[in-house]
1. Can you pull out the residues in the stretch 306-326 that are farther than 21 Å from residue 244 by Cα and either within 18 Å of the chain's Cα centre (by Cα) or assigned to a loop (DSSP other than H, G, I, E, B) (or both)?
2. Any residue that is under 24 Å from residue 127 (Cβ atoms) and either surrounded by fewer than 15 Cβ atoms within 10 Å (Cβ to Cβ) or within 14 Å of the ligand (Cβ to nearest atom) (or both) - is there at least one of those in the stretch 36-53?
3. More than 17 Å from the chain's Cα centre (by Cα), over 30 Å from residue 289 (Cβ atoms) and away from the ligand (no atom under 13 Å from the Cβ), is that true of residue 176?
4. Which of (1) free of Cβ contacts under 8 Å to residues at least 40 places away in the same chain; (2) within 24 Å of residue 262 (Cβ to Cβ) does residue 198 not meet, given it meets every other one?
5. Condition first: surrounded by 23 or more Cβ atoms within 10 Å (Cβ to Cβ) and assigned to a loop (DSSP other than H, G, I, E, B). Now tell me which residues in the stretch 1-24 satisfy that.
6. Return the only residue of 6, 35, 89, 15 being closer than 30 Å to residue 301 by Cβ and in contact with a Ser or Thr (Cβ under 9 Å, 6 or more places away or on another chain).
7. Give me a count of the residues in the stretch 158-190 that are on the phi < 0 side of the Ramachandran plot and either part of a helix (DSSP H, G or I) or surrounded by fewer than 16 Cβ atoms within 10 Å (Cβ to Cβ) (or both).
8. For residues that are in contact with a Phe, Trp or Tyr (Cβ under 8 Å, 6 or more places away or on another chain) and either near the ligand (Cβ under 9 Å from one of its atoms) or not polar (S, T, N, Q) (or both), tally how many sit in the stretch 96-119.
Amino acid sequence: MNKKTILITGVAGFIGSNLTTTLLSKYDDATIIGIDNMNEYYDVELKRHRLSLLHEKASESGCVFEFREQDIGEAEEMHRLFQHFRPNIVVNLAAQAGVRYSIDHPEEYIRSNIVGFFHIMEACRRYEVEHLVFASSSSVYGGNTKYPFSEEDPVDQPVSLYAASKKSDELLAYSYAKLYGIPMTGLRFFTVYGPAGRPDMAYYKFAEILKNGGKIQIYNYGNCKRDFTYVDDVVDGILAVMKKPPKGVEPPYRIYNIGNSSPENLMDFVQILSEELQRCGVLPKDFDMKEHQELVPMQPGDVPVTFADTTRLEKDFGFAPKTPLRQGLRKFAEWYADFDRTKTI
Ligand SMILES: NC(=O)c1ccc[n+]([C@@H]2O[C@H](COP(=O)([O-])OP(=O)(O)OC[C@H]3O[C@@H](n4cnc5c(N)ncnc54)[C@H](O)[C@@H]3O)[C@@H](O)[C@H]2O)c1
């Protein structure tokens, strides 16, 4: 990817910042343009913190890194950005994420995930981008009960507006690939976690509540399974895909699951998280997880199981996520303990 200009949207976000860090370390002659609207869906200081680490990393890298605070929902600004930088590869990670938030803030999902994505596709069409890689989600599988979830399974019954917005992106992308021949790859991520992750996600929220001595709520009375995917694995998957636009297929459009293919029971997940938080000194050695949990019913928009079939990714790229949950949660807990003590942001 040297000599390429790469546009990453949502660069101050969890996955975007990790992807950019890896690009800055692996390449020495790329131009990376990162945009983010720095919205307040979760702590903006965490987004600033990630950006400051990126600028540090960029100063040691031969790559050029430029950040712009910009909203993909603004058509004219997006057009000017593409006209100015002429990106070769675009990775669209900017989105309004979260399932529960979509119940009270539906307009954000339409504005960023659908209208914003449309602006990106239009700009890709106008400026002949070589490859548009975009984030979809395991949530498109809704309440499907055939496991593991394969890219060939029907995904027509979303159970949240978030899921519907991601499925819409896939359909819109297909039509642009078909009509204009723009190479597009959609990636269905499965519950991505890791250091400096998203404070709105369960593992991070649980760590906060447990540290403050509270009780966590475990949905569906603990009968939930999630295919937790460590962020470094997701970044490796995105990098592999970015380099290889779909070729020899008509239209030039592909969808891949990026998941761990090893769903964990929520109760086991919570137990491992608490053990790793104890190991790092965030929780006391005699911490009793059973006293800090409450089993509650399923929440609207949630699904009981996510489980990725990654055969297609393995076949096309010789790679699939494999980091064991304990190893990934250990890295998160170590970061969390350190971050908490030093108050770096
Ligand atoms: N983390 C996961 O488990 C997961 C799972 C499935 C799919 N995804 C998808 O992956 C992508 C990245 O997720 P993440 O976990 O890094 O989320 P994130 O919220 O940390 O990152 C998204 C970033 O996009 C920015 N953004 C939002 N709307 C924008 C807009 N209109 N214009 C410009 N910037 C905007 C936000 O400020 C944020 O920094 C998203 O599309 C998300 O839906 C994530």
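1. Within the stretch 306-326, 306, 307, 308, 322, 323, 324, 325 qualify.
2. There is at least one residue in the stretch 36-53 that is under 24 Å from residue 127 (Cβ atoms) and either surrounded by fewer than 15 Cβ atoms within 10 Å (Cβ to Cβ) or within 14 Å of the ligand (Cβ to nearest atom) (or both).
3. yes
4. Here residue 198 meets the rest and fails (1).
5. 10, 11, 12, 13
6. Result of the check over 6, 35, 89, 15: 35.
7. Number satisfying all stated conditions: 20.
8. Residues that pass the stated criteria total 9.
FYI, it's all coordinate maths here, none of it is from the lab. Because the structure is a prediction, the values reported are computed rather than measured. Methodologically, a virtual Cβ is constructed for each residue, glycine included, from the backbone with ideal geometry; neighbour enumeration extends over all protein chains shown.
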